[in-house]
1. Given the DSSP H assignment, sum -39500 (n - 2.57) over each helix run of at least 4 residues in the chain and divide by its residue total; what's the result at 222 nm in deg cm²/dmol, nearest 500?
2. Putting +1 on Lys and Arg Cβ atoms and -1 on Asp and Glu Cβ atoms, find which of 118, 142, 10 reaches farthest to the positive end of the dipole of region 7-164.
3. Using the count of nearby Cβ atoms within 10 Å as a rough guide to exposure, how do 2, 8, 186, 101 rank from fewest to most?
4. Under a GNM of the chain (C-alpha, springs under 10 Å), which listed residue has the highest mean-square fluctuation: 163, 171, 68?
5. Provide the percentage of antiparallel DSSP beta bridges, counting only those with both residues in region 7-164; round to the nearest 5.
6. Which of 35, 82, 129 has the fewest other C-beta atoms within 10 Å, and how do the rest follow up to the most?
7. Measuring from the lowest to the highest alpha carbon on each principal axis, how far does region 6-87 reach, largest first, in angstroms?
8. Would you mind counting up the charge near residue 133? Only other residues with Cβ under 14 Å from its Cβ, with Lys and Arg at +1 and Asp and Glu at -1.
Amino acid sequence: MTFPNLETELELVRSHGSVICVDEVGRGAIAGPVVVAATFFDNESSLEFPVGLKDSKLIAEPKREAMSMAASQWLPHGVGEVSAAEVDNNGISKSLEKAATLAIEAIGKSPGKILLDGSHNWLGFPKLVQTKLKADQQCAAVSAASIIAKHYRDEIMRSLHESHPSYDWKSNKGYASEAHIQAILTHGPTDVHRKSWLTRILNSEQTLF
């Protein structure tokens, strides 16, 4: 069997009428927002998904924009984002849930089922949500959500890089690269850093590497 495919989505459509597929990006970053994208799949959706579609982590950066556009054209979708400040104030779990709720609401369709990448249901609603390990690699509609979310957040981080070039966000996208940590130690955190996540870095004379 080749991946991704639509086997899981079609099973959920047969049993529940429709499925909204959800994936997140930015959960582990130390700067920038957390972003969730959702795609909607039902009996009227095309079975011909974009050629080359796969988990966003497996798509080279120069190809992500085109693939994100193709995924966006394939299925109805929505995107939700929650800022670093909100992550600090409310925690990552509530922030992920809020971003997912915004993404699902943006689609404007009620799902029969929600398919969530991973093993942990951070959305709640146990009767509505089905989790699946490696869904972003195996399920085409989840792969579509993955690349839409990844490209959306990458664009945010590239834009933020222009006003904060010392942190190299155009390359590390807000994750804890060595250059990023060294910049925090040299210049301090910005208003788009998750400051509650930086205690270990700021209180240590050594980097994490």
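1. -13000 deg cm²/dmol
2. The residue sitting most towards the positive pole is 118.
3. So the residues, fewest neighbours to most, are 2, 186, 101, 8.
4. 163
5. Antiparallel bridges make up about 65 percent of those DSSP assigns within region 7-164.
6. Placing the least packed residue first, the sequence is 129, 82, 35.
7. For region 6-87, the Cα extents along the three principal axes come out at 40, 29, 18 Å.
8. Overall, the nearby charge balance is -2.
Only the coordinates and a few stated rules stand behind these numbers; no lab work does. Computed from a prediction, not measured in an experiment: that's the story for all the values here. A quick note on method: Cβ atoms are made from the backbone with ideal geometry, for glycine too, and the neighbour counts reach across all protein chains shown.
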